[in-house]
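Every number in this text was worked out from the coordinates using simple rules, so none of it is lab data. On a predicted model such as this, the values are computed, not experimentally measured, just so you know. Cβ placement follows ideal geometry from the backbone for every residue including glycine, while neighbour counts extend to all protein chains displayed.
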Amino acid sequence: MLLDLPVLEKGSFYFVKDGKDDLILEDKTKRGLEIKETSADEKLNVMADKGMIHDMDGIGHWVVIRWYFPKSSFDLSKVMVHAKAMEKKYTELRELTCPDDDD
């Protein structure tokens, strides 16, 4: 089970877990979202668990909950490139939408 896997790295918005055959990058912002399918992520060319979120107009959008990077092709440093990019994206979004109030 994914909850029992050792955490190799963690950031504010991600975990990297050590699976048997894969390094698993999990998006913390998608925790609790129901997995609707597991299929290839075309952007990263790895398998991914995906869920559906709906916008204010009721339109559904597929989002990745976690990616499975095969250990045969990816080491931790390669996975961390993607984890750091995710961290940067969410940090910038948080700063844009929730700026600190200095008053």
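Is it the case that region 45-59 has a residue that's loosely packed, with under 13 Cβ neighbours inside 10 Å, more than 26 Å from Asp4 (Cβ to Cβ), of a type in the set (D, E, K, R) and out of contact with any Leu (no Cβ under 8 Å at 6 or more places or on another chain)? Scanning region 45-59, I find at least one residue that is loosely packed, with under 13 Cβ neighbours inside 10 Å, more than 26 Å from Asp4 (Cβ to Cβ), of a type in the set (D, E, K, R) and out of contact with any Leu (no Cβ under 8 Å at 6 or more places or on another chain), so the answer is yes. Quick check on Leu76: is it in contact (Cβ under 8 Å) with a residue 60 or more places away in the chain and in contact with an Asp or Glu (Cβ under 9 Å, 6 or more places away or on another chain)? Taking the combined requirement at face value, the residue satisfies it.
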